[in-house]
Amino acid sequence: MAQQDRTRLGETDGQLEDELERAFDRTLDEGEQRLHRPWREVLVTGFFGGTEVAVGVLAYLAVREATGSPLLGGLAFSIGFLALLLGRSELFTEGFLIPITTVAAKRASWGQLAKLWGGTLLANLVGGWVIMWLVMTGFPGLHARTISSAEHFAEAPLNARAFCLALLAGAVITLMTRMQHGTDSMSAKMVAAVAGAFLLAGLEMFHSILDSLIIFGALHIGGTPFGYLDWARWFGFTLVGNVVGGLLLVTMLRLVRGKDRLREERAKAERET
């Protein structure tokens, strides 16, 4: 093949392959940075992630109260995901594609992955709990809407339908992460954030962090037919579904798609050690 044709087609099998290579490299570079953070940075970025999602929840509840439309509320919630993107904070369910790929490439250890997941999850919940107390104290007009929205999750039967909603939520947010790392355009990343928020909040999927903050808001108000034990039961069920959906429906398929590059990275890591 002539050099001119090769340049036109790209450095690999085609232009699409070149984009996938660059996306893979971006994923590994960011994964290394995130997984090698000390505990302090993991907890701080996770706490901010929880507070930013809580701001999105405030927007969601306000628009639901004003319009009665969950779809418009989902668009309003995108404020939270845009804040996560621009503020570079951390949400637990964003931590499937990038960290797993990095560990699979032997750029980080399973212990570092456990630290990232555990620290981020705890900090997300604490940060969101704090901000939701402020929201419920400052906006009493949203109390009725918050309780009704929380009942949809906290009192839901934990059946096949609920697990499917949790699976889809994990897949959607992991797909959002994949789309954002497939481009260098900030505008495209922001579109992906809005799309992910619209699906998750607008269709009322079961998302372990987002919906926990709505439940926390209702518990701050008091007088609910459910308590923290009911939340913990729902949260554990939903968390499993989110993880399975994010890992099996998106992350594992992405690893299969990039298996050759992954093999190269693993061999390189083994030579360096």
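Laid out as a table, the results:
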item: Pair list, Cβ < 7 Å and 6+ apart or interchain, from the range 238-260 residues that are at pLDDT 80 or above and among the small types (Gly, Ala, Ser) to residues that are surrounded by fewer than 20 Cβ atoms within 10 Å (Cβ to Cβ) and in a helix (DSSP H, G or I); result: 241/163
item: Residue under evaluation residue 157, criteria (1) part of a loop (DSSP other than H, G, I, E, B); (2) modelled with pLDDT of 95 or more; (3) in contact with a helix residue (DSSP H, G or I) (Cβ under 7 Å, 6 or more places away or on another chain), criterion not met; result: (3)
item: Members of the range 87-123 found to be without any contact (Cβ under 8 Å) to a residue 60 or more places away in the chain and in contact with an Asp or Glu (Cβ under 7 Å, 6 or more places away or on another chain), listed by number; result: 87, 89
item: Identity of the residue in the range 96-114, surrounded by fewer than 18 Cβ atoms within 10 Å (Cβ to Cβ) and more than 19 Å from residue 264 (Cβ to Cβ), that ends up modelled with the lowest pLDDT; result: 109
item: Boolean, residue 54 is farther than 19 Å from residue 148 by Cα, of a type in the set (A, V, I, L, M, F, W, C), in contact with a helix residue (DSSP H, G or I) (Cβ under 8 Å, 6 or more places away or on another chain) and in contact (Cβ under 8 Å) with a residue 24 or more places away in the chain; result: no
item: Qualifying residue in the range 214-235 (condition: of a type in the set (Gly, Ala, Ser), part of a helix (DSSP H, G or I) and farther than 30 Å from residue 141 by Cα); result: no
item: Single unsatisfied condition, residue 250 versus (1) under 20 Å from residue 132 (Cα atoms); (2) surrounded by 13 or more Cβ atoms within 10 Å (Cβ to Cβ); result: (1)
item: Residue match in the range 83-93 (condition: surrounded by fewer than 24 Cβ atoms within 10 Å (Cβ to Cβ) and more than 16 Å from the chain's Cα centre (by Cα)); result: no
item: Single unsatisfied condition, residue 182 versus (1) modelled with pLDDT of 95 or more; (2) in a loop (DSSP other than H, G, I, E, B); result: (1)
item: Near pairs, Cβ below 7 angstrom, 6+ apart or cross-chain, from the range 150-175 (within 15 Å of residue 204 (Cβ to Cβ) and buried (at least 20 other Cβ atoms within 10 Å of the Cβ)) to any residue that is modelled with pLDDT of 95 or more and acidic (Asp, Glu); result: 153/211; 154/230
item: Selected residue (criterion: farthest from residue 144 (Cα to Cα)) from residues of the range 207-229 that are surrounded by fewer than 24 Cβ atoms within 10 Å (Cβ to Cβ) and of a type in the set (Gly, Ala, Ser); result: 227
item: Sole exception among (1) part of a loop (DSSP other than H, G, I, E, B); (2) more than 29 Å from residue 182 (Cα to Cα); (3) at pLDDT 95 or above for residue 206, by number; result: (2)
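Each row is one residue, and each column tells you yes or no for (1) modelled with pLDDT of 95 or more; (2) touching a strand residue (DSSP E or B) at 6+ places or on another chain (Cβ under 7 Å); (3) under 17 Å from residue 93 (Cβ atoms); (4) surrounded by 13 or more Cβ atoms within 10 Å (Cβ to Cβ).
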site	(1), (2), (3), (4)
3	no, no, no, no
8	no, no, no, no
26	no, no, no, yes
74	yes, no, yes, yes
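The values are calculated or read from the model by the stated rules, or taken from the named source; none is laboratory data. Since this is a predicted model, take the numbers as computed values, not measurements. For neighbour counting, all protein chains shown are included, and Cβ atoms are generated from backbone atoms with ideal geometry for every residue, glycine included.
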